[in-house]
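Data block below; observations after.
The numbers here are math on the coordinates, done by the rules we state, and not lab data. A quick note: this is a predicted structure, and the numbers were derived from the prediction, not measured. Note that each Cβ is placed from the backbone with ideal geometry, even for glycine, and that neighbours are counted across all protein chains shown.
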Amino acid sequence: MLSISLLESWFTHSSQHMRGFARGAVFMHVIETGQYKQVVNSGAEFEQGLYVQQSIESVLKRRTAVVRKLKFNESQQASMLAGGASRPVTRIDQDRYMVCAPLLVARELVGVVCIELEKHRDDHAHDVLAEVENAVNWLPLLIAKAAAEDEDGSGAAIGIAVSAVALSQKSADTAATAAVSAMAHHLACERVAIAFIESSEVRLFALSNNANYESKHTILRRIEAAIQEAVDQHETLVYPPVEGLYHSLNAHTELSRHHNSESICSVPLMHAGEVIGGISFERTGGAARFSDEEIELCEQLTTLIGPLIEYRRRDDQSLSQKIVASLNARAKYMTGSGKPGFRILVILGLVLFTASLFIQWEYRVTANASLEGAIERVITAPEAGFIKDAPSRPGDLISLDQVLATLDDRDLELEKQKWSGKQQQVSREYREALATHDRSKIGILRAQLDQSEAQIAILDKKLQRTRISTPIAGVVVSGDYTQSLGSPIEKGQILYKVSPLDDYRVLLEVDEADVTDIAVGMQGEITLNAAAEDSYNFIIDKITPVSRAENGANYYQVEASLEVAPDFLRPGMQGVGKINAGDRQLFWIWTHKMVDWIRLKIWTWW
């Protein structure tokens, strides 16, 4: 049979903190009669009308809570049954309604609580079923506490009273002060103090019956030392010491000798498996020492009240304090026992960071690179005409004076034949004039003969120019007319570009953020996509002062010459070049770009 005093304490506390409470009662099962008898009420006789009996029967049948809307006309009453979980009841137009909930202890239905509540018509967010169920959920915990106490349930009653006082306060400090004052009253103690660990040291948080305790510096320090003693040993410490137990009680002895504390009990406060503080209980003036039952009660009260105050403390913290506490908790979790791998990584990271501040390393500027010939000859069309043949294509290796293309020469041949025939005619007339000694005719024919010979010489030159050849040996870089035979070309039109194979230059695209770190004469290495397994040395010859925008960034073109040019190299090959810019601090090498970006953004925003 449950203790009536325990039920009364629980019902009184719940009704005081339940929003809209009007009246209520608790009905307990009587084994002899099989009926449910009213054992606790709110002070006024609870009306046991038909609607109350029906609600109790619904609870007994379904073992779930029942919400019944109450109207002035009882014939219009309607009930609504809740499921297994709490469900909000909203948009109720009536001013008053009743909630009946089962009292379950170890899955056994031992009673029913019926409560009438008033709800404002505009308070749509008020969950009346949850209000009652939250209060009922406290009862099994209190019953379990009471089971460990004497048969009259006094220990559980003290726990309920202290919890009720703490929960009724608005802040953590006032809740802690009220709780320790209530414990001092119920346990006949002169002082009860609660302290929490802050920055690895125990700091007093609340002292019973004295909110302004800052002035009593000496006694506060000794109370903190006594609680620290219990926290360090993870044990409940009692002074005078119990025979057969050998704990360090130096701080407790000092507190007793200087402040007339005849009996002291200090209990460490546990939360989530860790010691977060402690509570000390002091009796003075010849009061009886703590009995075993009272020591156990002190431990139970600490277990009940300590986490409650801790949660209130955390809830009162500012957002920044909550963030710092969350980060500290995460760090403790990651570095706790069972995680040696993480600790090893942290240590290695710290060692690497420290080493990077002192180690000097070669700093190399990375840039995209491409190859070009040291010189490039342009082959142009010597005359206007039409392409007759063009066998050469980009990539072809060519020798000196090799023909790259030929132009159609039929018109030139016809023109040459025309002038050759005219030359023969004029030559014949010139010989006849010489035979007749016609001097005037001889002069005219001589001029015409010279003209014909000059035209033929010009046509011979043009016919030679129809064969387009290369002035150097190398590789064709551009120009492909294999698919354009017969197409017209203009005089001076660029047809081919030829580069030699024995001399190259490296073109590097250096980011503008790195261009100040390099200089002419610096050395570097290039690795080509065509030969990723090898690298080739180069020396910077020139840094162009003009930037080029590409892919959202500015690049400066840097020219360099290869020390050794392998035979397989071809103009246009691409790769990655790295310029040796001297030794720098390893940490600077890793972070300088990020630091420069941050500096630029700060300067922009400032």
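What angle, in degrees between 0 and 90 and rounded to the nearest 10, separates the Cα long axis of helix 340-356 from the longest principal axis of the Cα atoms of the chain? That works out to roughly 50 degrees.
DSSP loop (so not H, G, I, E, B), at most 11 other Cβ within 10 Å: list which trypsin sites (Lys or Arg not before Pro) in segment 442-502 pass both filters. All intermediate terms of the calculation are to be shown ahead of the outcome.
Values: sites: 446, 461, 462, 465, 467, 491, 497; in loops: 491.
Counting only loop positions with at most 11 other Cβ atoms within 10 Å, the trypsin sites (Lys or Arg not before Pro) in segment 442-502 are 491.
Here the Karplus relation 6.51 cos²θ - 1.76 cosθ + 1.60, evaluated at θ = phi - 60°, turns the backbone of segment 483-490 into coupling constants of 9, 10, 5, x, 6, x, 9, 9 Hz, with x for every Gly and Pro. Any idea what the relative contact order of the chain is, in percent, if you count C-alpha pairs under 8 Å spaced at least 6 apart? Worked out over the chain, it gives 10 percent. Put in order of Cβ neighbour count within 10 Å, fewest first, the listed residues 520, 136, 546, 506 become 546, 520, 136, 506.
Between the amide H of residue 21 and those of 118, distances stay under 5 Å, these residues lying 5 or more places away or on another chain, with hydrogens modeled in the peptide plane.
Our note on the geometry: Cα centres of segment 244-316 and segment 454-473, 115 Å apart.
Angle between the Cα long axis of helix 4-16 and the longest principal axis of the chain, 0 to 90 degrees, nearest 10? Approximately 50 degrees, to the nearest 10. Annotation for segment 547-584: GluC sites (Glu not before Pro) lying in DSSP loop with at most 10 further Cβ atoms inside 10 Å of their Cβ are 563. Along its principal axes, segment 377-497 has C-alpha extents of 66, 26, 18 angstrom, given from the largest down. Here mean projected area of the Cα convex hull in nm² was calculated from the structure, and among [x] 39.2; [y] 43.3; [z] 59.1 it sits at label [z].
Before anything else, pin down the relative contact order of segment 402-519: Cα pairs under 8 Å, at least 6 apart, normalised by residue count, whole percent.
On the way: 84 pairs, mean separation 35.5, N = 118.
The value is 30 percent.
Over segment 154-334, the Kirkwood radius and the radius of gyration, each from Cα atoms, give a ratio Rg/Rh of 0.96. Axis of helix 410-436 versus longest Cα principal axis of the chain: the two differ by about 20°, to the nearest ten degrees. Per residue of the chain, the DSSP helices (runs of n ≥ 4 H) give a summed -39500 (n - 2.57) that works out to -13000 deg cm²/dmol at 222 nm.
Distance cut-off 27 Å, Cα to Cα: go down the list 441/462; 461/497; 416/497; 418/441 and report the pairs above it. Let's see the in-between values first.
On the way: 441/462 32 Å; 461/497 24 Å; 416/497 32 Å; 418/441 23 Å.
With Cα atoms farther than 27 Å apart: 441/462; 416/497.
Applying the criteria of a DSSP loop state and at most 10 other Cβ atoms within 10 Å to the chymotrypsin sites (Phe, Trp or Tyr not before Pro) of segment 362-433 yields no site.
Which ordering of 344, 279, 472 is given by a fewest-first count of other beta-carbon atoms within 10 Å? Write down the numbers at each step before the final one.
On the way: 344 10, 279 28, 472 15.
Ascending number of Cβ neighbours within 10 Å: 344, 472, 279.
Here 587, 290, 342, 568 are placed in order of increasing Cβ neighbour count within 10 Å, fewest first, which gives 568, 342, 587, 290.
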